[in-house]
Amino acid sequence: MIVRISGGHVVDPLSGRNETGDVWIEDGKIVAPPQGQSADAEYDARNCLVMAGAIDIHSHIAGANVATARLMLPEAHAAYMARPAQTQLAAAGWTAEETGRRYARMGFTTVVEPAVSPHLALHAHLELSDIPIIDKAVLAVLGNDDYLLSALRKGEGATAVADYVALTLQATRALGVKCINAGGAMAFKENVRAFSLDDVVPQYGLTSRQIMEALQDAAVKLKLAHPLHLHMNNLGLPGNVETAIATIDAARGLPLHLAHLQFYAYGKEGGRAFSSAAAQLAEKVNASPHVTVDIGQVMFSDTVTISLDVLRQFTGLKTARPRKGFIYDGDINSAGVVPYSYKRSDFFNAVQWACGLELFLLIDDPWRVFFTTDHPNGAPFTVYPEIFALLTSRDRRAEWLASLPKGVAETTTLGSIRREYTFEELAIMTRAAPAKLLGMRDRGSLAAGATADVAVYGLHKDRAKMFAAARYLFKDGALVVRNGEIVHAPYGRTFRATPGFDRAIERRLDRYYTSLYGLKRDLFSVPDFALPRPQAFGEVPCLA
Amino acid sequence: MPRKAKSSARKSAAAPKAAAPIDIDAACKLAATLLSAARLPVIAGMGADVAGARAAIRLARATHGVYDHLASAEIMAELEPLRRARRFATTPDEARVRADCLLFVGAGLVQRWPEIGARLAVGAPPALQRGRARKIVWLGGDRADVKGLGAEVDALAAARRDMGPLIGMIRARAMGRPIKAEKSALRRIDSLAETFKAAHFGVAISSAAALDPLALEQLAGLVEDLNATTRFSSLLLGPRANGAGVTQAGAWVAGFPPRTGFCSGEAEHDPWRFDARRLIESGEADAALWIDAYGDEPPPWTRKVPLVTLTCGDFGGGLVHVRAGRPGVDHDCVEMAIETGVLTPRAASAPSAAPRVDAIIERIMAHLPGSCA
Amino acid sequence: MKPLVFTLRSEPVERLDLSALTPARLSDLSSAAIEKLAIGTTQRPLRVGDVFRLRDGDRSVIRFSGGSSRFDRIAMAMESGVIEVDGMVGREAGCGMRGGALTISGAAGDYAASGARGGAIEIGGDCGDFLGAPLVGEMEGINGGVVIVRGRAGHRACDRMRRGLVAVEKGAGEYAGSRMIAGTLVVAGPVGGFPGTMMRRGTIIMPALPEIAPTFLDCGATPLGFTALYATSLAARSPRAARLLRRALRRFGGDTATLGKGELLVPA
């Protein structure tokens, strides 16, 4: 079957297209215009923007903590007893099925769940299996586990650590490795209440920096396409820009991805000792080509924060809105789920909102900055269209800024920034660059041979309306969205990386589980028989 | 979606004893007819693995019905502190390797989990607490359980009804607030409070079956309060028949735990309205599918209702009975395992061709009007 | 002015959600449109006309002639006007009410006055468990207004109450005022065990002390103050509750398991 999407404004940074023209699809792939053949189906894309399907590299869409959040907040759901009319979380769907459908509606075709604790991997994959349309991937989280910390304490070398990381990726079917407040959750189990880059984990004698370096080295050694994905220390604290800058230096010039950077862009100037340090941080990122970042934009909404940074979540209990919370001391990682409401009238929340946009606009290279709200932590993913609108219109930003509490405008540079994202920059940030960052070479582009994930948006001067509902979305060449409605909901695949390793680690780890936990390690595995669609996995190759 | 079940199910379905012998396909067809004709059908029991739970919820949605679990009262009580306050939780692994204080609360815990003492290695010091001994306290335990735990236990007897006030007293003293008590009782309470505050990483172990809802919430409050100065968490043993696993599946499939209905098409959660027993006793529900693949528990209602049963035994109180395979015994499954506290794969211990709950439900769904099958 | 009257034809075969039948929501509808409103709660919902005979009238006063334990959410979120029920009702009567008056001659089910913020609710018979309590997941119960129950209340009356005044004339079940945040509950009949469990603030007034937790402490006689004020305000609506409030009262402070700033008051 040959499909032609005709006459649209095609923006594809990887192939250099930014022109009115056609996109052709055959057998699930983008193809060159076929010679002498006509299309079996044709879609009119005149007055439309045509781009590859969007990719979200960091969105908490599945797993035990997401489930906890859903269970904690029955009052926040759509149809809950007809009592609350509409809530932000209701708008996010809040089931596996609606997660896939609502992402697709906005033209997204690949989403990464970035925080899977190894012992909860099966849970995450079961949930991901039930998310329709989009392709998925998970990142496995290490850095607060006794096995790794004990190995480092004993001075085991980089190869041993790399073998352990590779085995973890295999066992959890993950695409990459993430580290969340390295050592922080372990320290919290020892009743430590604040933990920074050079603080030492009790009983192990290791600093956060050492743990992070070891995992970063392992990712490099294993030639993983996706570099270590790091959630830094001191999230959300005034003055934490210093931590972020020190962490960028700690990367030693090696590739490193910094998650939801907005939450680290805070100074402590002003009467409330809280200010935007985004300009300073953006400058540091601009000068550090080894670093990529995603933003974690805050938008004003009632939401829930889901994080394996248990230290931060424990602190956050005090400001929970409503006053609920869940703190989990887990086997390999911990976690916290705390509802929160970002209010436009709240000075601190307004500064957070501004910080995110400043970072988006002041980091020059769209290949190194990624579009996230850290769903649902900064806001539910369904607010993305409004953020696209803010990035593409300084007038819109000025309107928002004017509605914020007194003193917010003075603490940020946002009002002075004239930059407006172009379609090409948006296509880089949400398509081409994430494909590259994740090593998913088959997507993020409309070049011949690419997977035919294609989003078509009707041009509208209100960019929020335009990006809220795709005119058409093709997933693997099949039409799944028409005029913002789901017309077909197949199940996508989950992508993983499979670096090689010395199998001796398996026996070592088997012994470790038996002696420490008194359990067989395979109780925590993700066997085919446990999954409803075991065949639905794809592979991301390691770097050459 | 079900592996191999479709072909094998027909020959293996055991003929129910009490209900009329009927082949599995005819049974599924009849079930589909009953459920689709009903004004308000109930998918109850739900003693099933994760795949069975997913299928049951989808069936409830397809028939504009309700799903409820046989241990929902416990599920609701366990959820209460999470939905209404602050809850600290940990895993059996962490209780085993890290807890220098284990606080058992309530009776019936060993009955729920006979291997609890061995699994938590109660007799040994916690492996990851170098040099720290382990202190064990049991409030309101069965005498035999306390004695048989295999470790030295500081036990305080209390009736179930007094558990809430007892935990409340400890909570008050831990935070330095007064209580009304005789000198000796006050000393005892104070010493317990001091023990918990002195723990480096304590774990309170209980269950919704062992405590009344307010006592369970009181315990969650005690654990939270202790975290003001030290680390303490809790481990709830979870309801029987994979109640916790069914709850997790509910969270991602429908957004809600059991006691959820799709009457209007959208999921609505109401612990009272969608209680299967109440729905049937009141006559509001007019057809039911009862599932218990883990046991052969009969439905809890007394009123006659058009009923299809799907259990691992020979229960025959309804119109039609289908004998289902036991998860983890007859077939591989995923369930919330008590020894891990997470969704866990379980290979079949005695594989057989007895059909899986999800396979049976798929067949029922294939017979629903408008199904494309 | 004649009220709008809904006369029950026969016991409905399903639970009804009557939240649509409030003065504000009916003000602009013709009686034909009202008869077509879906009020059933199953996939083939009953409509108003299936259940009730309608007699048109002033939309600000609505009367139900005949009740049922399947009448749920009556007067839910009502802001003004009057709803009178000649009979019994089901769950969540007056749930989230903000103003106006709801009068029920018979009994009410669980969660009556759940999360109400204003207005006056009177229940002529008994009410079920969780009077005024928040629904699942919600953090606050009744948050304003006045509720009178002429009969008995079930267990955990005024759970998580935040504000307002609730008077129950003939008694209440166990754990009255559980998890109260603030507000006043007067029970002029026997009360079950452990009132005020985990209450932070607030007042529960009872004619005699039932079994209480050791986390309540006898603080001796308490000076008449606000209780006398409440007696005056309740005098007309519930002489029985008012009489209790005028007596000399003794105070038990608690629940010290939590904040401990609440109180149980009983005649000295």
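Nothing in this text is a laboratory measurement; each read-out follows from the coordinates by a stated rule. What you see is a predicted model, and the numbers here were worked out from it, not measured in a lab. With ideal geometry, Cβ positions are generated from the backbone for all residues, glycine too; neighbour counts draw on all protein chains shown.
Couple of notes before you dig in:
- Positive end of the dipole of the protein assembly as shown (Cβ unit charges, origin at the Cα centre): among A:Gly7, A:His375, A:Met429, the Cα lying farthest that way belongs to A:His375.
- Highest-MSF residue in chain B out of B:Ser36, B:Ser352, B:Ser233 [GNM, Cα springs under 10 Å]: B:Ser352
- For the residues of A:116-123, the average number of beta carbons from a partner chain within 10 Å of their own beta carbon is 4.
- Given +1 at the Cβ of Lys and Arg, -1 at the Cβ of Asp and Glu and no other charges, the dipole of the protein assembly as shown around its Cα centre is 2280 debye to the nearest 20.
- Average beta-carbon neighbours from other chains, 10 Å sphere, peptide B:168-180: 6
- Taking Cβ atoms as reference points and 13 Å as the exclusive limit, the residues near A:Val161 contribute a net charge of -2, counting Lys and Arg as +1 and Asp and Glu as -1.
- Cα shape, the range B:76-236, gyration tensor, a/c 1.5 rule: rounded
- Segment A:Glu399-A:Ser515, length gained on full extension (0.36 nm per residue, minus Cα span): 35.6 nm
- Positive-end extreme of charge dipole, chain C - chosen from C:Ala236, C:Gly124, C:Gly173 (charges on Cβ): C:Ala236
- Over all other residues within a Cβ to Cβ distance under 13 Å of A:Ala259, the charged ones net out to -3, with Lys and Arg as +1 and Asp and Glu as -1.
- For the protein assembly as shown, share of DSSP beta bridges that run antiparallel, in % to the nearest 5: 35 percent
- Beta bridges per DSSP with both ends in chain C, % antiparallel, nearest 5: 30 percent
- Annotation: amide H of B:Arg39 within the under-5 Å range of B:Asp286, sequence separation 5 or more or interchain, hydrogens built in the peptide plane.
- Summary of the geometry: the range B:104-123 and the range A:424-477, compared by the centres of their Cα atoms, lie 54 Å apart.
- Unit charges at the beta carbon, dipole of the protein assembly as shown: most positive-side option, A:Val161, B:Ala353, A:Phe347: A:Phe347
- Ranked by how many other beta carbons lie within 10 Å on average, peptides A:265-277, B:142-154 from highest: A:265-277, B:142-154
- Interchain or long-range residues, amide H under 5 Å from A:Ser393's placed H: A:Tyr421
- Each peptide in C:209-222, A:229-242 receives the mean, over its residues, of other Cβ atoms within 10 Å, and ordering these scores from highest gives A:229-242, C:209-222.
- Mean-position separation - Cα centroids, the range B:280-337 and the range A:225-279, in angstrom: 54 Å
- Between the C-alpha center of the range A:101-139 and that of the range C:35-68 there is a gap of 46 Å.
- C-alpha long axis of helix B:243-253 to longest principal axis of chain B, angle in °: 60 degrees
- For A:Gly449, net neighbour charge (Lys/Arg +1, Asp/Glu -1) across residues whose Cβ lies under 14 Å away: -3
- The gain in end-to-end length when the A:Asp249 to A:Arg441 segment is fully stretched comes to 66.2 nm, 0.36 nm per residue minus the alpha carbon separation.
- The protein assembly as shown shape via C-alpha gyration tensor axes, a/c threshold 1.5: rounded
- Ellipticity estimate at 222 nm from DSSP helix runs (n ≥ 4, -39,500 (n - 2.57)) divided over the protein assembly as shown, nearest 500: -8000 deg cm²/dmol
- Inter-label distance, B:Asp296 to A:Val200: 6.3 nm, where each label sits 7 Å from its Cα along the C-beta direction.
- Label-reachable residues, the range C:1-41, where backbone N falls under 14 Å from a point 7 Å from C:Ser65's Cα toward its Cβ: C:2-10
- Long-range HN-HN contacts of A:Gly267 with modeled amide H, under 5 Å: A:Gly239, A:Ser275, A:Ser276, A:Ala277
- Result for chain C in a Gaussian network model with C-alpha springs under 10 Å: among C:Ser178, C:Ser31, C:Ser68, the largest mean-square fluctuation is at C:Ser31.
- Global form of the range A:50-494, assessed from the alpha-carbon gyration tensor, a/c cut-off 1.5: rounded
- Lys, Arg +1 and Asp, Glu -1 on Cβ, resulting dipole of the range B:76-236 about Cα centre, debye, nearest 20: 320 debye
- In this Cβ point-charge picture (+1 for Lys and Arg, -1 for Asp and Glu), the range B:298-372 has a dipole of about 340 debye about its Cα centre.
- Within a Gaussian network of chain B (alpha carbon springs, distance under 10 Å), most fluctuating of B:Gly176, B:Gly265, B:Gly245: B:Gly176
- Neighbour counts of other Cβ atoms within 10 Å put A:Thr159, A:Thr315 in the fewest-to-most order A:Thr159, A:Thr315.
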